[in-house]
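The values are calculated or read from the model by the stated rules, or taken from the named source; none is laboratory data. Please read these numbers as outputs of a predicted model, since none were measured by experiment. Note that each Cβ is placed from the backbone with ideal geometry, even for glycine, and that neighbours are counted across all protein chains shown.
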Amino acid sequence: MAILPDIQPLRHHRDFRVLYFGQFISLLGSMLSYVALPFTLYQLTHSPKLLGLLGVIQLIPSVVGGLFGGALADAVNRRKLLLLSEGGMALCVFLLSGLAWKGMLSAPILIVASALTAILSGVHRPAIEALTPLLVKREDMPAIGVLSSFRYNVGAIAGPALAGLILAKQGPALAFFLDGLTFCAAMIAVSCLHHIPSAKASSRFSLQSISEGFRYAMSRQELVGTYVVDIVAMTFSMPNLLFPAVAEEFAKTQNGGASYLGWLHSGMAIGALLGSLTSGWTKNIRRHGIMVIWAAGSWSALMIGFGASHSFPVAMAFLMAAGYADMISGVYRSTIWNQTIPSELRGRLAGIEMISYLSGPMLGNTQLGILAGMMGVRRAITVSSIIGVASVAGCAALLPKFRRYLAEPTFKQGDSRSG
């Protein structure tokens with residue numbers, strides 16, 4: 001059984017390689033801001049409820065950005081779309097850095113910046129998702145899923161760990177500034193691409209085109225299942241924005257301080273990275289639907305343990321195991337998407353996918369923030385995650401076609417379905 005990711009797409013496809021490493025660098029920077037923004041907000045307000053509210057504030061712009069960004073990705077020059085969205089995000093974090101240096105950051109400024117970044121990311125992600133299958137061969141798609149997971153998880157480990165050190169020693173200004181520099185690196189990479197295939201001439205940006213994407217997604221239960229199961233698991237079991245409060249609790253009972261925050265953010269990514277490095281067995285499984293259900297249910301079950309843990313090493317072990325389960329879910333969800341969605345709909349469906357995998361965590365952070373204000377951080381995570389396990393089981397019962405979904409054993413030349 002192979003234990004390392006298949007790197008053949010990086011070797012054989014120059015444009016994919018350039019894009020991949022450009023986004024890799026950008027991801028490292030984005031993780032700095034991902035940790036720094038809620039950390040700074042909590043330092044200013046000490047409000048778990050406001051941390052939770054940040055999820056809703058990010059969700060609405062993400063939905064808008066994902067819907068319109070997905071349609072744009074099928075209709076306009078993708079190079080320009082990527083450059084504009086990355087340039088906008090760079091400007092946003094550079095402004096945050098300048099305000100932080102001057103001591104002028106406030107809760108309203110951080111909330112507005114979070115909303116602006118969310119809508120720009122909503123435009124950016126569908127363009128990347130729609131572009132990637134066009135830069136590689138159809139048979140490369142399983143490897144692409146693992147490489148994407150590997151990239152994300154390495155970034156999600158190194159980025160938050162570095163953020164914890166930067167926040168403890170230098171403060172948020174440096175974290176935001178470095179994020180801006182990495183966006184510039186990503187823009188250079190996009191500018192160096194030799195060829196970006198154009199959208200089909202029949203694809204035009206309109207509300208009707210957005211509706212067409214939704215109709216297609218809702219017509220197929222295996223796609224609906226990938227959206228709904230992930231949403232309910234994350235809605236009831238995603239405590240990321242509560243990590244500053246959890247880290248503060250650990251700091252009171254165990255020496256650690258701000259460094260705990262970086263490790264908490266990295267914990268799930270460590271588990272997911274281990275999953276990526278031992279992912280050879282995943283290509284032999286055809287029952288992708290049941291694997292998504294199993295992985296999502298395991299995520300919620302493991303978060304029950306995390307919420308009940310009062311030892312930092314034990315809590316980290318639960319986070320790492322949850323990250324492994326989430327990686328398995330992500331690989332099979334992306335494989336279902338990439339193997340079954342027509343290329344002319346890929347941008348719009350990528351927008352819907354983005355909404356599905358962002359809305360669960362954002363809603364989860366919001367409801368957990370509110371619940372934490374009522375019953376305490378740890379108890380809220382545990383109680384909500386119990387509901388998450390039951391909700392995943394309910395989805396499995398209500399979506400039999402998704403539960404029984406079988407992937408095609410091989411890719412076929414000339415198949416009309418997109419890779």
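Quick notes on this one:
- If only residues of region 1-22 that are modelled with pLDDT of 75 or more and among the aliphatic types (A, V, I, L, M) are counted, the one that is farthest from Ile128 (Cα to Cα) is Ile7.
- Taken as a whole, the structure places Ser121 among residues that are crowded, with 22+ Cβ neighbours inside 10 Å and without any contact (Cβ under 8 Å) to a residue 60 or more places away in the chain.
- Per-region count, region 57-84, residues farther than 14 Å from Ala113 by Cα and either surrounded by fewer than 24 Cβ atoms within 10 Å (Cβ to Cβ) or not aliphatic (A, V, I, L, M) (or both): 17
- Candidates Ala308, Ala269, filtered to the one that is surrounded by fewer than 17 Cβ atoms within 10 Å (Cβ to Cβ) and either touching a residue at least 60 places away in the same chain (Cβ under 8 Å) or at positive phi (or both): Ala308
- Selection over region 273-290 of residues that are part of a helix (DSSP H, G or I) and over 17 Å from Lys401 (Cα atoms) gives a count of 10.
- Under the condition of being under 27 Å from Ala245 (Cα atoms), touching a Gly at 6+ places or on another chain (Cβ under 8 Å) and either small (Gly, Ala, Ser) or at pLDDT 80 or above (or both), the residues counted in region 327-360 number 1.
- Filter result for Pro108 (of a type outside the set (Val, Ile, Thr) and surrounded by 23 or more Cβ atoms within 10 Å (Cβ to Cβ)): no
- Identity of the residue in region 159-206, charged (D, E, K, R) and over 24 Å from the mean Cα position of the chain (by Cα), that ends up modelled with the lowest pLDDT: Lys200
- Residue within region 140-148 that is at pLDDT 80 or above and either out of contact with any Pro (no Cβ under 6 Å at 6 or more places or on another chain) or surrounded by fewer than 24 Cβ atoms within 10 Å (Cβ to Cβ) (or both) present: yes
- If the condition is being buried (at least 19 other Cβ atoms within 10 Å of the Cβ) and touching a Gly at 6+ places or on another chain (Cβ under 6 Å), then region 369-381 contributes Gly369, Arg378, Ile381.
- Of all residues in region 83-107, exactly one satisfies the criterion of being part of a helix (DSSP H, G or I) and modelled with pLDDT under 90, namely Ala107.
- Residues that are of a type outside the set (A, V, I, L, M, F, W, C) and in contact with a Cys (Cβ under 6 Å, 6 or more places away or on another chain), drawn from region 113-137: Thr117
Each row is one residue, and each column tells you yes or no for (1) farther than 14 Å from Ser33 by Cβ; (2) touching a Leu at 6+ places or on another chain (Cβ under 7 Å); (3) β-branched (Val, Ile, Thr); (4) part of a loop (DSSP other than H, G, I, E, B).
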{"position": "Gly145", "(1), (2), (3), (4)": "yes, no, no, no"}
{"position": "Tyr152", "(1), (2), (3), (4)": "yes, yes, no, no"}
{"position": "Gly159", "(1), (2), (3), (4)": "no, yes, no, no"}
{"position": "Leu165", "(1), (2), (3), (4)": "yes, no, no, no"}
{"position": "Ala173", "(1), (2), (3), (4)": "no, no, no, no"}
{"position": "Ile188", "(1), (2), (3), (4)": "yes, no, yes, no"}
